Amino acid sequence: MAFDLHIASTLGLLLGVCLFAGVFADVLHLPKVTAYLLVGLLVGPSALDWIPESHPRLFEPVLKLAMAVVLFNLGCEFTFHKVRRIAARCLVLSLAEILFTCVCVTLGLLAFGYSGSIALLLGCLAVATAPATTILVLKEYRSEGPVTDSTGFLVAVNNFVCILMFEFAFLAIHLFQGKVDISLTHELGQLLQDIAGSVALGVAGGLVVSYGCGLMMMKRWLVLLVATTTFLLGVCESVDVPYMVTFLVMGVTVANTSDIKAKIVDELDHLSGLLAVLFFAVHGTELDVQAFFAAGTIGAIYIICRLAGKWFGVYFSARMTRQPLEIRHWLGTCLFAQAGAAIALSTIAVHRDPVLGKPIQDIILGSVVLFEIIGPLFIRQSLLRTGEVPLAQAIRHTSRTPLGQLRALADRFLAAIGRGEGPLPPTTRTRVRDLLRKNKGILQSSNLDAVIAHIEHSHDNTYPVVSERLAVVGVIRYPLLSDVMFDNTATQLVRAEDLATRCEAVLYPDDPISRAVEIFQGETDDCLPVVRDDDSQELLGIVRRSDVMHALITQRRKKK
């Protein structure tokens, strides 16, 4: 008897494989978005075919909710003051990038003999940049800086302008072919009415969120946010207006009418993380590798021309306006991802004119496979090159080994069993030297590459920094590295001593374990340096908090 995977099992399977994919993404230094897409591609019809073909369609409302949340988050970044500041710098870049991309794709396809109608519509669709992919990579790496801000601005403008360009281009083509039965004025009026309706819904939703979150207790915010978002999403679908504009405007409204915008976004992040995983996993199952190869020459031309248009458009306009080198070289590569808007508009093209729209949809669906996989990789590389990523996000680090986590699990269970009897005092016979782990520390003269290598091979969160004579001069704390921006150009300039902070306490080999317990109770560090009990203060190793806890629990078991 054939076994049909239930929709709930499909959801669990996708989330489960994405969980492991996220771990491998950290190991391989890949954006998690790329890992989720590749996992979806692997378990989908293009590869293993574990997911029934009908199931991804059942997730469509959830996927639209995920996109709505992402656009809301994007809009929340744009206060009017920030928009004015960024627009003054980026408006020329945006217009040039849009023009270059559209013209480059259109002329490239015309040069290879494709029809003017297909070339023009593909040129308009090439402008769109995947908002979910781009923004979630920026959030994953917690990047800050001019390239990050400019990317968010250009993504918002790209998708809004793409919708307008597509509608006008489609209308112009039908007018030229004599297929329009109603007046141009009526078509333009309908388009403007739809956009105005989207804006009005967004403003209304933003005001509801700002007012409600300012009035209610924080524990009720998430319900209000989900209720408002889902209701507006349904209204947009019912009246057939572009929901992406609605939620972008909703975010902008909240950014400019609420003084707790950051807390609202943080509250929504509890949901958006899960939605993002599902969004990209399901989206990956819909990627069609065969469509990529079937796109053939025209698909290759479209891909090359779009990439060239994005990069050269930003580069030349940034150079003319004397923008920083980081903007010139790396902003364009943050705009390569393409998916949602282009796919949706190509589907609309098929519904309006199957003869014209079908080849366009085939090219878009084929090229999206490449753009969605390489797009996040280019964004990550661009952010690292511009030094806008915190060091803690740029490196791979795990606090525990699988075996260490298993021991911690057992220790907590044993502690829970004996919790009614109260903690036992540590025996004075156990000394620090009994729990000592060898550790050479990081030389204070080590450059940033050496520091990163040490952190990536360590499972501690605190790293002693030593002088040339191996005396402890400070410690580097991993949690504090989120305040240090990673810059490839500065790897030879930054030294370990630049990242170190003062060491509050040290241990000596003959100290009783009780002293370690006392210090750990007043510290958040996960380990303490152990030094020689003489004037040299030479580092001998470290004592971990987890080892101290394990020793205490072992003593309790023996006393019983």
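The values are calculated or read from the model by the stated rules, or taken from the named source; none is laboratory data. Every value quoted in this text rests on a predicted model; they were computed, and no experiment measured them. Heads up, the Cβs are rebuilt from the backbone with ideal geometry, glycines too, and the neighbour counts pull from every protein chain shown.
Annotations for the structure displayed:
- Criterion (out of contact with any helix residue (DSSP H, G or I) (no Cβ under 9 Å at 6 or more places or on another chain) and touching a residue at least 40 places away in the same chain (Cβ under 8 Å)) met by exactly one of Thr297, Thr285, Thr257: Thr297
- Scanning the range 37-87 for residues that are part of a loop (DSSP other than H, G, I, E, B) and of a type in the set (D, E, K, R) yields Asp49, Glu53, Glu77.
- Check on Gln521, loosely packed, with under 13 Cβ neighbours inside 10 Å and more than 30 Å from Ser382 (Cα to Cα): yes
- Ala68 vs. criteria under 30 Å from Arg396 (Cα atoms), modelled with pLDDT of 80 or more and surrounded by 15 or more Cβ atoms within 10 Å (Cβ to Cβ): no
- Sole exception among (1) surrounded by fewer than 19 Cβ atoms within 10 Å (Cβ to Cβ); (2) touching a residue at least 40 places away in the same chain (Cβ under 8 Å) for Val389, by number: (1)
Table: residues versus (1) small (Gly, Ala, Ser); (2) at pLDDT 90 or above; (3) outside the structural domain of Phe378 (by TED's automatic domain parsing); (4) farther than 30 Å from Gly251 by Cβ.
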{"residue": "Leu93", "(1), (2), (3), (4)": "no, yes, no, no"}
{"residue": "Leu99", "(1), (2), (3), (4)": "no, yes, no, no"}
{"residue": "Gly113", "(1), (2), (3), (4)": "yes, no, no, yes"}
{"residue": "Leu121", "(1), (2), (3), (4)": "no, yes, no, no"}
{"residue": "Cys124", "(1), (2), (3), (4)": "no, yes, no, no"}
{"residue": "Leu154", "(1), (2), (3), (4)": "no, yes, no, no"}
{"residue": "Phe168", "(1), (2), (3), (4)": "no, no, no, no"}
{"residue": "Phe176", "(1), (2), (3), (4)": "no, no, no, yes"}
{"residue": "Ile182", "(1), (2), (3), (4)": "no, no, no, yes"}
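- Helices (runs of 4 or more DSSP H) contained entirely in the range 199-306, each with at least 2 residues that are touching a Pro at 6+ places or on another chain (Cβ under 7 Å) and buried (at least 21 other Cβ atoms within 10 Å of the Cβ): 261-286
- The number of residues in the range 239-295 that are within 20 Å of the chain's Cα centre (by Cα) and either closer than 21 Å to Arg142 by Cβ or of a type in the set (Gly, Ala, Ser) (or both) comes to 22.
- Filter pass, Ala500 being farther than 27 Å from Ala408 by Cα and either surrounded by fewer than 19 Cβ atoms within 10 Å (Cβ to Cβ) or modelled with pLDDT of 85 or more (or both): yes
- Ser536, sole failed condition from (1) out of contact with any strand residue (DSSP E or B) (no Cβ under 8 Å at 6 or more places or on another chain); (2) farther than 20 Å from Ile455 by Cβ; (3) polar (S, T, N, Q): (1)
- The residues of the range 314-373 that are assigned to a loop (DSSP other than H, G, I, E, B), modelled with pLDDT under 90 and under 19 Å from Ile135 (Cβ atoms), listed by number, are Gln338, Ala339.
- Criterion: closer than 30 Å to Asp266 by Cβ and not in a helix (DSSP H, G or I) - qualifying residue of Ser143, Ser150, Ser94: Ser143
- Filtered by the rule that a residue be surrounded by 24 or more Cβ atoms within 10 Å (Cβ to Cβ) and part of a helix (DSSP H, G or I), the range 120-130 gives Leu121, Leu122, Gly123, Cys124, Leu125.
- Within the range 251-290, tally of residues that are modelled with pLDDT under 80, within 14 Å of Lys64 (Cα to Cα) and of a type in the set (A, V, I, L, M): 0
- Residue check, Thr133 assigned to a helix (DSSP H, G or I), touching a Phe, Trp or Tyr at 6+ places or on another chain (Cβ under 9 Å) and of a type outside the set (Lys, Arg): yes
- Checked against the criterion of being crowded, with 24+ Cβ neighbours inside 10 Å, over 23 Å from Met67 (Cβ atoms) and out of contact with any Phe, Trp or Tyr (no Cβ under 7 Å at 6 or more places or on another chain), the range 331-352 contains one or more residues that satisfy it.
- Where a residue in the range 514-533 is closer than 19 Å to Leu480 by Cβ and in the same structural domain as Gly474 (by TED's automatic domain parsing) and its partner, wherever it lies, is surrounded by 15 or more Cβ atoms within 10 Å (Cβ to Cβ) and among the acidic types (Asp, Glu), with Cβ under 8 Å and at least six apart: Asp526/Asp460; Cys527/Asp460
- Each residue in the range 263-312 was checked for being farther than 20 Å from Leu122 by Cα and among the aromatic types (Phe, Trp, Tyr), and 2 of them qualify.
- No other residue among Ala25, Ala35 is hydrophobic (A, V, I, L, M, F, W, C), modelled with pLDDT of 85 or more, closer than 24 Å to Leu384 by Cα and in the same structural domain as Leu274 (by TED's automatic domain parsing) apart from Ala35.
- Filter result for Val105 (more than 21 Å from the chain's Cα centre (by Cα), touching a residue at least 40 places away in the same chain (Cβ under 8 Å) and assigned by TED's automatic domain parsing to the domain that holds Gly309): yes
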